[in-house]
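A short write-up of the structure that comes next.
The values are calculated or read from the model by the stated rules, or taken from the named source; none is laboratory data. Small disclaimer: the values here were computed from a predicted structure and weren't measured. Cβ atoms come from the backbone with ideal geometry, glycine included; neighbour counts cover every protein chain shown.
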């Protein structure tokens, strides 16, 4: 309550300062950004007090203080801070890769692959079918021929099947969970990210053969897709080896080096047109498993991850188009239910085949409901390829992401708690002076 | 290949080279680390190689503002009043006397030099000369840290540490008030605030911010949560000051000082602020170098004279101040330990240089970075001579601030671990 009051006073202070200032070149985003960080932190702690994951609080704060509601952070400010978001995603991917141990991959790799195949396959099929059946009621898709409806339904299914490494990592960081449910969920999320990108590319190629894309959109080729994936492995391997060498021979200023290395990785994936998440994932994996000093870097990164999670999810919340999401709610709720049901069914179906434990069978699906950055990126690709029909469909996907981004962390936290893997559930947020 | 990628590759390569080269140089010749990053910034900036364009440096303006605010908060966090009360009053008096004398000497001399070289009336260069005085004040705490190795009980060392902190305080306050006086206006109010009102606004942001963030952070001790809260506080205060065209250093320093004096978690606050000091310091130095542009006036002579004036004024002020306090004076050569310029000097010069409306902004900025590039090469050796040192295992790491007398044992312990 005290923090909320301070926030209210700060908000009043911002209003007082507003007529006194002018937008100094390049620094105009800093003032609202500072407020957003404090606001997200406060609402995150508040959410935690109610037993909800903090990232739900960060998202809510972003939505409340973002351009769609109180507009403390203007739309231009959110766009200016996009680099911070991208850096956060890259850092999260690197950290996720560093979480994987070679021994674990050898032991659980096949199990994870089987789970992913079943879960992603079933979710993709269920969501594509649901979208195809709902299409006559969705305004922009209602007047399309069946073949085109099928193409858009498949595209929707491939995007909506994506999970969220960011949410998974944030929850694991917040709860300190490292048990079988946490590890299997992380494995499935990371592997499915790669699988879904391939699936999406194949679906987009199929859709292009059924519905001509907008003029000027470059054609997809198998070679480009292979390079995007294979190149990511190669570039990520080199980057990881470089980082390992630095740790071996220099090993200083790790936090700064971590940010530089991740920024470098981000830029190099853009320049070489390779898949960013996979590149950073591989880089993190190689760093952790090749050298003997990977833990040092991971610890430095984890220290900087907590504020990055606040920033990333608050900015994600600020990007949510509340009005559009509200208008699309009648379509989004059934689709979200279908998606969650399909994920659960997929994990259950694969459990015997993959040989997962009963604990994992009951709880892993709850960690797979979240969606965030990757799905937003794929929705943007659809909107670019098909501006007329793709943009409204991207809005539908974004509304679905908004729902899953809010519900998913709550489910995952409940799953971790139910599995007894939450290490830091009741840590007090403050210690009395002298206590 | 995109320019950002080329730049990043270059920065990473140069950073590694600087690490290796300066590690060796530091060990061999007792050179303070830090100036190499400034040099790197100049080399990749638009004035030399052009790898970092003016547009790119402009895009990093928020990071620079944040770095300035963070350094200000760190300086403020040194002033824990109960700890300062344990410092002998004579040491504090000597520190303030030295700071005041050095400021007056540099400002007076530079006013005369600028008026003479540029051929303008004395009154028109008075404020830039005062800015140069403020920029000249800070002493590199790393030099004192180096001198402290193996010499924990030296009275001179204590005096150097107290003086370094007081110089930082005086420099930041003078520059903060100066930038209030030089405010460009352009507000959307019925009457633009006067310079005095701007100074009050600057102080009010710091004081009210400090009180509010004290309430906001409470007795939070969890480092991650404290980091997020403190980062938000420093970002907000720095962003607010930048939005109002004021120096972020002064309000952020007040926030830091209030937090360490009112909170039970002052140790954690200091720990969090220090944890990202070096990364932000490097960012500040690299981009300070990249932002450098040659002034339009005749600048080489005033800049070189500034370096000489600063060194003479600091030695002279230290000597005069020591003479003024009677028999319990520190070693006569204690002023040698104050010659290093360090990160806070760069921060003050950059803060003035970023105020494009301020007179002779480029010249003051150039003088500041030239002084760092020149003096940081030899200041540690002089500090060693002043304070006395028995063994040096490795050069001290660059830092914008000194954390008061209690820091010496920690520095020594780290050195011994190496």
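Is it the case that the range A:206-222 has a residue that's buried (at least 21 other Cβ atoms within 10 Å of the Cβ), away from chain B (no Cβ under 14 Å) and more than 27 Å from residue A:107 (Cβ to Cβ)? So far as the range A:206-222 goes, yes, one or more of its residues are buried (at least 21 other Cβ atoms within 10 Å of the Cβ), away from chain B (no Cβ under 14 Å) and more than 27 Å from residue A:107 (Cβ to Cβ). The residues on offer are B:285, B:350, B:301, B:339, and the sole one that is closer than 29 Å to residue B:129 by Cβ, within 14 Å of the chain's Cα centre (by Cα) and away from chain A (no Cβ under 14 Å) is B:339.
Those helices (runs of 4 or more DSSP H) of the range B:1-117 in which at least 2 residues are at pLDDT 80 or above, considering only elements entirely within it, cover B:35-44, B:61-76, B:81-84. The set of residues in the range B:51-76 being within 28 Å of residue B:169 (Cα to Cα) and within 11 Å of another protein chain (Cβ to nearest Cβ) consists of B:60, B:61, B:62, B:63, B:64, B:65, B:66, B:68, B:69.
Just for the range B:200-216: of the residues that are within 9 Å of chain A (Cβ to nearest Cβ) and touching a residue at least 24 places away in the same chain (Cβ under 8 Å), which one is farthest from residue A:40 (Cα to Cα)? The qualifying residue farthest from residue A:40 (Cα to Cα) is B:201. Scanning the range B:174-199 for residues that are exposed (fewer than 14 other Cβ atoms within 10 Å of the Cβ) and assigned to a helix (DSSP H, G or I) yields a count of 1. Inside the range B:150-194, residues that are within 14 Å of chain A (Cβ to nearest Cβ) and under 25 Å from the mean Cα position of the chain (by Cα) make up a count of 4.
In the set (1) modelled with pLDDT of 80 or more; (2) in a helix (DSSP H, G or I), the condition left unmet by residue A:162 is number (2). Against the condition outside any helix (DSSP H, G or I) and either within 10 Å of chain A (Cβ to nearest Cβ) or surrounded by 24 or more Cβ atoms within 10 Å (Cβ to Cβ) (or both), how does residue B:225 come out, does it pass? Criteria not met by residue B:225. Looking at the range B:354-370, which of the residues that are crowded, with 24+ Cβ neighbours inside 10 Å and part of a helix (DSSP H, G or I) is modelled with the lowest pLDDT? Here the answer is B:354. Counting just the residues of the range A:117-145 that are in contact (Cβ under 8 Å) with a residue 24 or more places away in the chain and assigned to a loop (DSSP other than H, G, I, E, B), which one comes out surrounded by the fewest Cβ atoms within 10 Å (Cβ to Cβ)? Among them, the one singled out is A:139. Being under 26 Å from residue A:190 (Cα atoms), crowded, with 21+ Cβ neighbours inside 10 Å and out of contact with any strand residue (DSSP E or B) (no Cβ under 7 Å at 6 or more places or on another chain) holds for only one residue in A:63, A:93, A:40, and it is A:93. For the range A:243-286, a residue qualifies if it is farther than 30 Å from residue B:272 by Cβ, within 14 Å of another protein chain (Cβ to nearest Cβ) and in contact with a helix residue (DSSP H, G or I) (Cβ under 9 Å, 6 or more places away or on another chain), and the qualifying residues are A:268, A:269, A:270, A:271, A:272, A:273, A:274, A:276, A:279. Considering only the range A:321-343, state which residues are crowded, with 22+ Cβ neighbours inside 10 Å and more than 18 Å from residue A:411 (Cβ to Cβ). A:328 - this is the single residue of the range A:321-343 that is crowded, with 22+ Cβ neighbours inside 10 Å and more than 18 Å from residue A:411 (Cβ to Cβ).
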